[in-house]
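J.: Quick one: structure below, then a few questions.
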Amino acid sequence: MTPRLRLAGMLMRLGIELARGLWRLRAFPRLNAQQRHRAIRAWSRRMLRAARTRLQVVGEPHEGACLLAVNHVSWLDIMALNAAHPTRFVSKAEVRHWPVLGKLVAGAGTLFIERERARDAMRVMHDMAQCLRNGEQVSVFPEGTTSDGTHVLALHANLFQAALSADTPVQPVLLRYLDDATGAPSRAPAYVGDDTVMDTLRLIAAGEPVRVVVHYLPALRGQDRRQLAAAVHEALSQALQEPVQAR
């Protein structure tokens, strides 16, 4: 099959799944938390398959309230994390206005932050801490932007204040995108700089299937947000140097 035909098939399957997601979202008010998590996980796994991406999970998510600190590579990141273990997310406010996907992300309980407004950042910190006190898990991308996945950018320490305020641990989570056949790093899903979603889809369609590895690292605690940020950065950077076992 040519890349062009493969891309057309991907777009058709992704469109079908987006429509199914919007339809399923209408039932969310009638579902309990466990039912919503099952629905989100199932839909996210179908989205990954539609994007020629296979999920591999390494390690175990922390049980109970926890702030998950994740490196950020692609627009597929949220789907990958929800396919492994659904949580609440903190995302930039622009995502809310993305066509179709923004509505789905909002419907899943995402907390949106306008980073350029200090007062809004304080509001979101309060909301995050309250979610954690309520026993929920919240995922953040503390790099504040995406990378190509070959290294971990500097982390914004202020996002770790919610975990300190709620007295909950922080679990580093490393995302890696690989060529599923060879295990070599794949840049195809990377959403960096001027890259668009369509650019990533073209690259995925043109190459071999992708494997996304969601690696849950041991949870950490600290007394200071900068200390926590440094410890998370070190844990993610070290894990990034380790080989991934084929599966």
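The values are calculated or read from the model by the stated rules, or taken from the named source; none is laboratory data. Computed from a predicted model, the values in this text were never measured in an experiment. With ideal geometry, Cβ positions are generated from the backbone for all residues, glycine too; neighbour counts draw on all protein chains shown. Just the protein is used for accessible areas: all its heavy atoms, side chains included, with ligands, DNA and RNA removed. Shrake-Rupley method; radii C 1.70, N 1.55, O 1.52, S 1.80 Å.
J.: If you check Asp180 against the conditions, is it farther than 18 Å from Ala235 by Cβ, modelled with pLDDT of 90 or more and of a type in the set (Asp, Glu)?
T.: Criteria met by Asp180.
Okay, residues lined up against (1) hydrophobic (A, V, I, L, M, F, W, C); (2) open to solvent by 70 Å² or more (accessible area, probe 1.4 Å); (3) over 21 Å from Thr196 (Cα atoms); (4) in contact with an Asp or Glu (Cβ under 8 Å, 6 or more places away or on another chain):
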| residue | (1), (2), (3), (4) |
| --- | --- |
| Arg96 | no, yes, no, no |
| Leu104 | yes, no, no, no |
| Leu111 | yes, no, yes, yes |
| Val124 | yes, no, yes, no |
| Asp127 | no, no, yes, no |
| Glu143 | no, no, no, no |
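J.: Tell me, which residue of segment 148-177 that is more than 12 Å from Val70 (Cβ to Cβ) and polar (S, T, N, Q) is modelled with the lowest pLDDT?
T.: Here the answer is Asn158.
Yes/no matrix, rows are residues, columns are (1) assigned to a loop (DSSP other than H, G, I, E, B); (2) in contact with a Phe, Trp or Tyr (Cβ under 9 Å, 6 or more places away or on another chain); (3) closer than 17 Å to Val152 by Cβ; (4) not hydrophobic (A, V, I, L, M, F, W, C):
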| site | (1), (2), (3), (4) |
| --- | --- |
| Arg176 | no, no, yes, yes |
| Ala188 | yes, yes, no, no |
| Gly193 | yes, no, no, yes |
| Asp199 | no, yes, no, yes |
| Leu203 | no, no, no, no |
| Val212 | no, yes, yes, no |
| Glu234 | no, no, yes, yes |
| Leu240 | no, no, yes, no |
| Gln245 | yes, no, no, yes |
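J.: While we're looking at this one, here's another question. Under 6 Å between Cβ atoms, at least 6 apart or on separate chains: pull out the pairs that start in segment 172-199 with a residue that is under 13 Å from Asp77 (Cα atoms) and touching a residue at least 40 places away in the same chain (Cβ under 8 Å) and end on any residue that is open to solvent by less than 40 Å² (accessible area, probe 1.4 Å) and of a type in the set (D, E, K, R).
T.: Pairs found: Leu175/Asp77.
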